[in-house]
Structures are given as structure tokens and as C-alpha cells.
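Here's the structure, in C-alpha cells; my notes come after.
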Amino acid sequence: MATTSMPRLTSTFLAVAAAALLAGAAAPAVDAAIVDGLQVGFYNRSCPAAEEAVRDVISSEIAMDRTIAAGLIRIFFHDCFITGCDASILLDETPSGDVPEKESSANGFTLHGLRSIDVAKSTVESMCPRTVSCADILAFAARDAAVAAGIPFYEVAAGRRDGTRSNMDDLPGNMPTPSHQVPRMTELFTKRGLTQEDLVVLSGAHSIGGAHCFMFSNRIYGFSQGADIDPALDPAFAANLRRVCPPPKQGDDPQQSPKVSFDGRTSEKLDSTYYTEVLAARGLMSSDDALIKDPQTKPTVDLFAGDDALWQQKFAEAMQKLGAVDVLVGEQQGQIRRECRLVNKQSRQPAPSVPRLKKPRFPRFMPGSGFHGFF
Ligand code: HEM
């Protein structure tokens, strides 16, 4: 079990447990792990069945559609990376009238599994009204998805509150893109208190799910003046990709773009095959391939490729760490949303008198120019 192997969690746990022993108190271990104001067993008293209810919903959602596991893990990552794990990605609209994160071209229709979060929230809400935050439900759901895909169970410290703002303009400059190289991705991870190793570990989430052709078509059509296909790609793999993904042309609708599995071998299992595939020049996006091009990250890729159990353990720990990024905690911060898609009514601000124009979710594609970037 990966529960307490995260250093901060472990040291806090030990300190609290030692203090409890000295005081002669029998502190229940599950309540003792507090990190960044989050606590394992946070709902033990207020809504004891919450985690189990989320787990039941998520496992039946995944039983109906296995691809949801990947979607939930990605939603969690995209939420935590922008203004912290505050469920801001779930908002359909904002009190300020800002266009929410959900509408960004890095999110939009590529977010998968939002409905499962709605089901989990309404189930928990019917048991314990206004008690369990959407941010915690998302953290539980991402863990349950990871476990369903093969990661050993890990504890999720809870107590996150839900944010009241969400702005798609927060994504550019904060969210990694498929064309990023390691230095830029490392910089973005560092901004969130995560390390370069966390980048390599968490990128292993690309062991499940997939990417739409337009996310990597620049690698297989019109890559450069001298090479139509990215020479870093295994030629047989690239040829297969070209069979699935037609050449991009002007006016293409991104929503019609086919989706390709990251890891064609074990596409529903979170395992270290991602790393062996990347090493074999079968990383789908430039950002995946970047991990072996960079001498700083390549040794870690080699390590994980040869040690599935180690990577799974590290992944669980990194997900715990991701879940603590810039969280809102305590009564004074944020709120417990009644519906994950909306800020509670009483906290809503009047909408600005001049409504902002909605930007189109995705740019239309120009022939031969490949990936246009998200932003
Ligand atoms: C660090 C650089 C990263 C980049 C540039 C990146 C980019 C992308 C892109 C472009 C897709 C395809 C979306 C689509 O076409 O539908 C994707 C999918 C995915 N990403 Fe990442 N990602 C990164 C890191 C991560 C991390 C850290 C996680 C999780 C902790 C993650 C989890 C996933 C998952 C599970 C999918 C598959 C989603 C699905 O099939 O529904 N990614 N990513």
C-alpha cells in the first residue's frame, strides 16, 4: 500500500502519532495524517460513507465504460495544475462571467468522465448535503480510477474546499502542451511544487487512454522541411498512425478526429509499458518522446521501464502530492459546492455589464501545418 510513503505525509504522521503516544491518547491512525491542511479520514465523522460511495459510483461507471478511468485521472491533473485542486475545472459558468477552464482548447470536448463526477456528487449529496467538496470527490475518483486500472490502493487526504473562480485564460503559460520539451515542462511542474521526477512519474499516466490525431499530427504529416515524418518515431509505428489519422486539412472539425491509444499493448492497464513504448520510439506526442531525448529524464525512464512495481508505487505517491497542490482548506476559503458545475447561489457575484465574448474552443486547422498548439 502506498499510503504513507510520501515523505511529507510520513513525517507529519509520525510526529502526530508520537505526540499522541506521549500524551497517552489513542489517536486513530487514519485521522492523524495531516498534510497541507488535508487529512486522511477527513469525513470520518461528517460523512463516513462518502469515500465508499464515490468508489461504488466510479467502479460502476468504469464497468460501463473502461475509458473513463483515463479521463478521470486527466481531469484531476488539469484541475490541480490550474489554481490548485479546487474543482475549478468542473465549473460550467463563473460568478464573474469569466469563460471557465473547461472551455479552454486544452480541455473542451477532450475532457472525459465529467458526468461520472456529477453522479458521484449527487450520490454523496443525497447522503450528506453540503458536506463533501467536489474537489475531494474528484481526488477520490481519480484514485479509484487509478486503482481500477491496476495501481495499488493509496490513501487520499481530504478537506479540500471548492473554488469559486475559473478562467480559461489561466491555462496558457501554465498547462503543458504536446509540443513542450523537458525544460519547459519541468518549469511548469516546479511552479506547482512538483519535481522533474514527478513529471516523469506522472507522465506514465499516458499508459492508459489516448490522444486525438490532431494532438500529434504534426509528427506524421509535414514534420519539417526535410522530413515529412518525425525521424524520432519508429517508422512502422508512424505508418500505422498515418493509417488511422488522415492528413489534416483546412476546416477539419477536431471533434471528428480519431483517438489513438498511448500504449497500444496494455491500453487499459496503468503499468510501465508506457516507458518501454517511449524507449522504442513509440511515444505518441513530442512531449512523451521528450522524456528520452533529455539526458536529465532519460535515466528515470530507463529505471521505470525495467521496474513496474517501483513505478506504480511512485505513481501513487505522486498522485498524493499532486492532490495537495494549492488546495483551499478551512471554513474561510472556498465553499462546498452543492453542484460541481455551479458556484453556490449566495456567493455569486453580479455578472459584469459587458459580457465577454466566448472564444471558439478549438482553432480550425490549416493544411500541412500540423499541431497548432492549444492556446
Ligand atoms: C506533462 C505533460 C503532459 C502533456 C503535454 C499532456 C498532454 C496530453 C494530451 C494532449 C492528451 C490527449 C487528450 C486528447 O486528445 O483527448 C493527454 C491525455 C491524457 N493525459 Fe496527459 N499530458 C501531460 C501529463 C499528464 C499527467 C501528469 C497526467 C496525469 C497525472 C496525464 C494524464 C493523461 C491521461 C490519463 C490521458 C488520456 C485521457 C483519455 O484518454 O481520456 N497527462 N495528455
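Since every read-out is calculated from the coordinates, none of them should be taken as a lab result. What you are looking at is a predicted structure, and each value in this text was computed from that prediction instead of being measured. Backbone-built Cβ (ideal geometry, glycine too); neighbour counts: all protein chains shown.
Can you list residues whose amide H is under 5 Å from Val260's amide H, if they're 5+ apart or on another chain and H is modeled 1.01 Å from N?
The list, which skips near neighbours in sequence, is Ala211, His212, Cys213.
Which whole-Hz ³J(HN,Hα) couplings does segment 124-132 yield from phi under the Karplus relation 6.51 cos²θ - 1.76 cosθ + 1.60, θ = phi - 60°, glycine and proline marked x?
My calculation for segment 124-132 gives 5, 4, 6, 7, 9, x, 6, 10, 10 Hz in order.
Among 175-188, 284-297, how do they line up by average Cβ neighbours within 10 Å per residue, starting with the highest?
Output ranking for 175-188, 284-297: 284-297, 175-188.
Restricting things to Cα coordinates, could you compute the convex hull volume per residue of segment 243-331 in Å³? Walk me through the numbers before you get to the answer.
Details: hull volume 16.9 nm³, N = 89.
About 190 Å³ per residue, rounded to a whole number.
Would you mind computing, in nm to one decimal, how far apart the modelled labels at Asp65 and Asp234 are, each placed 7 Å from Cα along Cα→Cβ?
3.0 nm
If you plug each phi of segment 283-297 into the Karplus form 6.51 cos²θ - 1.76 cosθ + 1.60 with θ = phi - 60°, what whole-Hz ³J(HN,Hα) values come out, in order, with x for Gly and Pro?
x, 6, 10, 4, 5, 6, 4, 4, 5, 9, 6, 8, x, 6, 9
Apply the Karplus curve 6.51 cos²θ - 1.76 cosθ + 1.60, θ = phi - 60°, to the phi angles in segment 73-86 and return the couplings in whole Hz, x for Gly and Pro.
With coefficients 6.51, -1.76 and 1.60, one gets 5, 5, 4, 4, 4, 5, 5, 5, 6, 10, 6, x, 7, 10 Hz.
Using 5 Å bins from zero, what percent of all Cα-Cα pairs in segment 182-322 falls into each bin?
Each 5 Å bin holds this share of Cα pairs: 2, 10, 19, 21, 19, 14, 9, 4, 1, 0.
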